1. Could you list, in sequence order, all residues of region 29-48 that are in a loop (DSSP other than H, G, I, E, B), exposed (fewer than 10 other Cβ atoms within 10 Å of the Cβ) and of a type outside the set (D, E, K, R)?
2. From the list 142, 117, 166, which one is open to solvent by 10 Å² or more (accessible area, probe 1.4 Å) and modelled with pLDDT of 95 or more?
3. Can you name the residue in region 70-114 that is farther than 19 Å from residue 51 by Cβ and β-branched (Val, Ile, Thr) and is also modelled with the lowest pLDDT among such residues?
4. Counting residues that are under 30 Å from residue 239 (Cα atoms) and touching a helix residue (DSSP H, G or I) at 6+ places or on another chain (Cβ under 9 Å), which strands (runs of 3 or more DSSP E) fully inside region 49-147 reach at least 3?
5. Can you report the number of residues in region 284-300 which are assigned to a loop (DSSP other than H, G, I, E, B), open to solvent by 60 Å² or more (accessible area, probe 1.4 Å) and under 26 Å from residue 348 (Cα atoms)?
6. Among the residues of region 256-283 satisfying the criterion of being in a loop (DSSP other than H, G, I, E, B) and of a type in the set (A, V, I, L, M), which is farthest from residue 177 (Cα to Cα)?
7. Can you pull out the residues in region 148-169 that are touching a Ser or Thr at 6+ places or on another chain (Cβ under 7 Å) and under 19 Å from residue 235 (Cβ atoms)?
8. For residues that are farther than 28 Å from residue 224 by Cα and either touching a residue at least 40 places away in the same chain (Cβ under 8 Å) or in contact with a Lys or Arg (Cβ under 6 Å, 6 or more places away or on another chain) (or both), tally how many sit in region 65-108.
Amino acid sequence: MEDWAEIRRLHRADGVPIKEIARRLGVARNTVRAALASDRPPAYRRATRGSVVDSFEPRIRALLREWPKMPAPVIAQRIGWPSSYSDGPLKKLLARIRPEYKGIDPVDRVSYEPGQLTQCDLWFPQPRIPVGPGQLRVLPVLVMTSAFSRFTTAAMIPSRQAGDILSGMWALISGIGRVTRTLLWDRESAIGGTGRVSVPAAAFAGTLATQIRLAPPRDPEFKGMVERHNGYLETSFLPGRRFVSPADFNAQLGEWLALANTRTVRAIQGRPVDLLEVDYRSMLSLPPVSPSVGLTQRVRLARDYYVRVDTVDYSVDPRFIGRFVDVTASLSEVAVVCDGQLAARHHRSWAKHGVVTDPAHAATAQQMRQALALQRQSRQAATRQHADGHAVTLRALPDYDALFGVDFNPSAPTTKASDA
């Protein structure tokens with residue numbers, strides 16, 4: 001390397017002849033000529049000796065030509081590869097030649113404006129959360145990430161039903177105070193499983209004056225920000241933590257997110273909590289009327305005075321038996337209303353197949369049963385048993401007066417015949 005640089009300097013800068021350069025440096029004149037003809041420093045290149053996979057390459061190319069996405073284990077089995085395919089020459093060869101048949105799918109760098117987009121997703125953490133006596137459940141966590149500021153909010157919700165997802169979205173959006181112009185979702189069944197935005201989700205977006213956009217099917221990279229945040233939660237939030245309830249999970253998650261949003265994100269060269277101020281000013285204001293969220297249904301209250309919400313039965317005031325009641329379940333409460341009158345209010349249970357009973361409802365039902373029993377006893381006492389075995393109901397004389405339309409009340413004024 002040093003001789004090559006010195007040869008070029010002596011000949012081109014100082015005008016030293018080739019013969020003199022060879023004498024000074026102690027090299028052959030042909031070496032001097034080769035250095036002057038080369039435009040780059042000399043480099044040692046070892047001659048390739050071939051690889052064990054070279055004899056298999058024609059068969060591998062034939063398979064890739066017909067099935068470009070054939071997995072490496074299948075290729076190894078088809079060609080009779082004698083060793084492991086997880087590492088070594090076969091894996092390197094496939095990485096080099098597969099793009100020739102499969103093609104290369106370049107990805108563009110996307111930039112977002114403030115207040116433009118929020119990516120939404122459901123994350124399912126592996127730890128089972130206690131939700132009731134002897135019950136442990138894997139519950140979904142709603143994660144929302146602003147595309148401009150990378151500010152992330154999240155909360156555990158009881159189910160994947162549309163009402164619960166929209167309740168979680170409204171809680172997180174209300175916490176920020178504004179909403180972006182677009183909410184991006186994948187093909188979650190309750191939001192857009194059919195390829196079109198569901199009716200509850202469309203009504204929710206219409207109330208907020210925003211829009212819900214669905215990602216293409218089987219394309220998680222389309223909302224890669226929130227997917228990466230899900231992985232960040234998996235590796236940085238969960239390890240070393242224990243949870244005693246969903247409320248405890250949300251409390252710990254909220255404390256952790258308050259710190260996570262203060263870290264510097266390399267892609268934006270800033271902290272999400274700082275960029276949220278710029279994002280916030282371009283977001284849409286929230287409407288004065290809250291959107292319709294939660295699980296809702298209208299049923300006729302049966303004799304057992306219970307209504308079912310997500311496999312859990314809740315008691316209702318038995319005085320409303322036989323009437324239509326409106327049931328509304330938020331993330332934390334279940335309320336039952338009949339004609340504008342509150343018939344029941346319970347703390348929502350996240351357990352499965354449970355029964356929640358208000359002691360006041362049970363006491364009212366007991367009183368109603370006792371009153372009905374006394375009424376039946378009084379009816380039985382007002383009967384006379386004849387010798388032939390049949391019973392005759394004893395009725396009061398005013399009952400007959402009412403039946404025949406006469407009134408024999410002595411206090412009532414009488415009409416004389418002469419007056420008639």
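1. Passing the criteria: 43, 44, 47, 48.
2. Selected residue: 117, the only one of 142, 117, 166 that is open to solvent by 10 Å² or more (accessible area, probe 1.4 Å) and modelled with pLDDT of 95 or more.
3. 107
4. Output list reads 117-123, 129-132, 141-146.
5. Total satisfying the criteria: 3.
6. That would be 267.
7. If the condition is that a residue be touching a Ser or Thr at 6+ places or on another chain (Cβ under 7 Å) and under 19 Å from residue 235 (Cβ atoms), then 152 is the only one that fits.
8. So the count comes out to 2.
The values are calculated or read from the model by the stated rules, or taken from the named source; none is laboratory data. All values reported here derive from a predicted model rather than from experimental measurement. Cβ sites come from the backbone with ideal geometry, for glycine too, and all protein chains shown count toward neighbours. The protein model used for the area step is the full one, side chains on, heavy atoms only, and it has no ligands, DNA or RNA in it. Shrake-Rupley method; radii C 1.70, N 1.55, O 1.52, S 1.80 Å.
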